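Each reported figure results from applying straightforward, stated rules to the coordinates on display, with no laboratory input. Keep in mind the model is a prediction, meaning the values are calculated, not measured. Cβ placement follows ideal geometry from the backbone for every residue including glycine, while neighbour counts extend to all protein chains displayed.
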Amino acid sequence: MHLAYPTVLAALLFCTGLYGVLARRNAILVLMSVELMLNAVNLNLVAFDVWLSKASRETLHSGQALTLFTIAIAAAEIGIGLAIVLAVYRNRGTSDIDKLRDTAEGHESEGPDSDALTAGSADGAGKAEATA
Amino acid sequence: MTTTTLAVLVPLLPFLGAAAGLLLGRTAPGFVRPLAVLPPLTALALAAVVAVRQGGEQAIDAHTELTPTGSVPIELALHIDGFAALVAVLVGVVATCVQIYSTGYLRDDPRYPSYAALVSLFTSAMLLVVYSGDLIVLLVGWEVMGICSYFLVGHYWETPEARAASIKAFLVTKLGDVPFLIGLFALATDAGSFRITKILGAVANGGLDHPTIVALLLLAGVAGKSAQFPLHTWLPDAMAGPTPVSALIHAATMVAAGVYFIARLLPVFESSQAAMVTLAVMAAVTMLGSGLAALAQDDIKRVLAYSTIGQLGYMTGALAVGDRGAAVFHLLTHGAFKALLFLAAGVIIHAAGTNSLAAMSRMRGLRDRVSDAYWTMTVALLALAAIPPFSGFFSKESVLGAAEHVVTGHTEHAPSAAGWITLVAGLLTAVLTAGYATRLWLLAFHGRGAEAPDHGRQPLTMTVVLWVLAVPSLALGGLAFRVLPDWFDGRDLTPTLTTSVAGTGVALVGAIVTYAAWRHTTTLSARAPLGAVAAHPEGDAAQVEAEAIASHAPVYGGVAYAPDPADPGRLLLGPLHRHAAVGFHLDAVYAALFVRPVQAGASLVRFLDREVVETYVRGAGALPRLLGAAVRRAQTGNVQTYVSALLAGTVVLAVAALLVATGA
């Protein structure tokens, strides 16, 4: 199989994920989009690993090994992320990212809960940045 | 112990007492009073031993150099001649009396420990000035006295008068001290040494290049310290301090230091005719002006303050005619009777509850309430007015006699102009002195009106001291004028017939005229107001005095002035009274000449700092603040916006990297 197919598929997947991260309002959908992007990267890793081992330039299959790491980390990440989203939803009654703007300039925190929320959404942002 | 060791201990003991008093004042209050009284007492005993051993013989000189200090060496030196020995005894007597008196006067004062320590430090500084044989060491004592007077005059710092007076005393004396310091350096450069003996040796060999400049510069410092015209204005205001401090400053320390300094370095001054004439003019203006001002004062202590200025004028007059024996003789007797006058005035203020003569002249029987103060003050006032045989008579006659000697051309040192100025001013001042002494006595003790308030007996410590000081006030002059020439220059101090008759005559005239004026005006006192009276007459004397000072200006409209038609001074001075009461507007002149320009300069600097410099500082802060506000707008709280920005940045970087990589 030519290398172009998996890479194009990975690029499409990544763009879909990126669009989801940037455009979706629901936090769960954003997390799903992040998973898409991660998987696009996984696909790339595996494809290039195969391509490079064919050319006998790399025989350790480090790309595949790294993919396993990424999958494991993605599982952990999605677990924590969904837990946070669940907590936010229980607290606020919504998981709409547009409404979780506690870190905005000039925002007055209303209660003790908002601190935890702020931390949660900041976490989410950090993760989004990391995955992007 | 050798005499030198004893002499070193004399200034050291009060200094150690002061240090111990300051350290132990809070932790061990029981030690404060012994620590206040014993060191000056011991110093007095040692000073007396030193004086006896010195005995008016060859001066005791000792010196040691701690460390090399550059071109002109500074040495720790003692120079004890007859003058130093006797003045030290006087300082010891007055300081001891003041400390004993203060234990009663400030017995309930919460700040007594620091007060007593400062008085001890003051005494120690004066003794250092007296014994020092090195001008820089002398200057140390001189300046320590300046700062101590600042603290002590401002003892009642709760009152605005005391705060203003302490700052004024400090600034005015410093104004004189700056030229004084320059003068000392000029003198040492000319003579090649700070040692008094070497300087006097250089003067004797004609080694001074600029005697006039040096003498005039030194004179400025002396005028500030000894409260001579035109730097005398701090002294009447210094009355805002407690009475024992006034006694100490006015009798033995501080003001005496200036006169004593000239007496030590008289040959330097004598080598310049101009300096001697300046000294004489200064003395004459001081004497006459202060005499007139004293007649117009309402505060009993301000009368005494102006009288001190006048008597110091006599001393500088004696120095102007080149007779330091007469000057120091008057310094000694004046120290005794002026300390007595102030301490007695403190007792009177306590008993009457007011410091206003106008109020006292409306009290009957004040003299029976404080009979000790009455009798001792009578003695002291007679001495002040120079009535024979009281001590002031002999010393004042020796001054006038010295002036007459110069006028008749018996001495070669002093210009005859100085003699004439001193003699005429001295005789005129004798009239005024007798006048204000009589006025004080009549108004304070011969009032009529309501019965004087009864505040119980005065503390024993306060009355015994008065009698102790009354002895030298009465007898020192008569006993000493034959002996003193052996201690001093050997010049005769016996009163001459001409000046005695003239001096006593004019003094009697002054007294009688004042008495007549008082008889004339006293009937008016019935329908004039009663004065300010302290709110807590049962408190200790210091509290009564502080309240009296504080209430004087609100009641009468001025610290020195009282609208009292029954005042004989008002009748005698006529239209001059208004001006004399405020010290001939000298304070107003200084305010216009110095205070206001300085304040205007200060407000200019304030403007430059607040408006100009601050603007740049604020501008430097405002720009980053503005930028920060602009950047903060990006913080929307929407995570997706941040990610979009991140993506955009990544794309830009990727494109840039691509372009660089392809070499476009």
Please give the FRET efficiency for B:V72 paired with B:A450, using the beta carbon to beta carbon distance and R0 = 41 Å, rounded to the nearest 0.05. 0.05
Rg/Rh for the protein assembly as shown to two decimals, with Rh computed the Kirkwood way over all alpha-carbon pairs. 1.37
Given 16 as the ceiling on other Cβ atoms within 10 Å, longest exposed-site-free region of chain B for GluC sites (Glu not before Pro) in DSSP loops: B:159-411
Just to confirm a number: summing +1 for Lys and Arg and -1 for Asp and Glu over residues other than B:E158 whose beta-carbon lies under 14 angstrom from that of B:E158, what do you get? -2
Proxy exposure order for B:F15, A:F48 (fewest C-beta within 10 Å first) is A:F48, B:F15
Cα long-axis angle, helix B:32-54 against chain B (0 to 90 degrees, to the nearest 10): 50
Would you mind computing Rg(Cα) / (2.2 N^0.38 Å) for region B:306-442, counting N as its residues? 1.18
Between region B:26-57 and region B:373-393, what's the alpha-carbon centroid distance in Å? 28
Degrees separating the helix B:135-153 axis from the principal Cα axis of chain B, which is the longest one: 80
Quick shape check on region B:282-364: root eigenvalues a ≥ b ≥ c of the Cα gyration tensor, a/c under 1.5 is rounded, otherwise prolate if a/b tops b/c, else oblate, and it reads oblate
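What does the charge count near B:S114 come to, summing +1 for each Lys or Arg and -1 for each Asp or Glu among other residues with Cβ under 14 Å from its Cβ?
Charge balance near B:S114 sits at +2.
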With 10 angstrom as the radius, rank B:S272, B:S361 by how many other C-beta atoms surround their C-beta, starting from the fewest. B:S272, B:S361
Report, largest value first, the span of the C-alpha coordinates of region B:586-662 along each principal axis, in whole Å. 90, 34, 8
A correct fewest-to-most ranking of B:V471, B:V98, B:V222 by other Cβ atoms within 10 Å would be B:V471, B:V222, B:V98
Mind checking which lysines have their C-alpha under 26 Å from B:K198, skipping anything on the same chain fewer than 8 residues away? B:K225
Once you keep just the Cα pairs under 8 angstrom separated by 6 or more residues, what percentage relative contact order results for chain B? 13
Reachable lysines from B:K396, criterion Cα separation under 17 angstrom, eight or more residues apart if same chain: B:K338
With axes computed from alpha carbons, what is the tilt in degrees of helix B:460-480 against the longest principal axis of chain B, rounded to the nearest 10 within 0 to 90? 60
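Between B:W467 and B:R519, what FRET efficiency follows from the Cβ-Cβ distance if R0 is 35 Å, with the result rounded to 0.05?
0.65
Can you list the trypsin sites (Lys or Arg not before Pro) in region A:1-62 that are in a DSSP coil and have 11 or fewer other beta carbons within 10 angstrom?
A:R57
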Counting Lys and Arg as +1 and Asp and Glu as -1, each charge on the Cβ, what is the dipole of the protein assembly as shown about the Cα centre in debye, to the nearest 20? 1020
Let me understand region B:200-249 better: what is its radius of gyration from the alpha carbons, and its Dmax, in angstrom? 16.2, 47
Given axes a ≥ b ≥ c from the Cα gyration tensor, I'd like to know whether chain B is rounded (a/c under 1.5), prolate (a/b larger than b/c) or oblate. prolate
Using unit Cβ charges (K, R positive; D, E negative) and no other charged atoms, how large, in debye to the nearest 20, is the dipole of chain B about its Cα centre? 1520
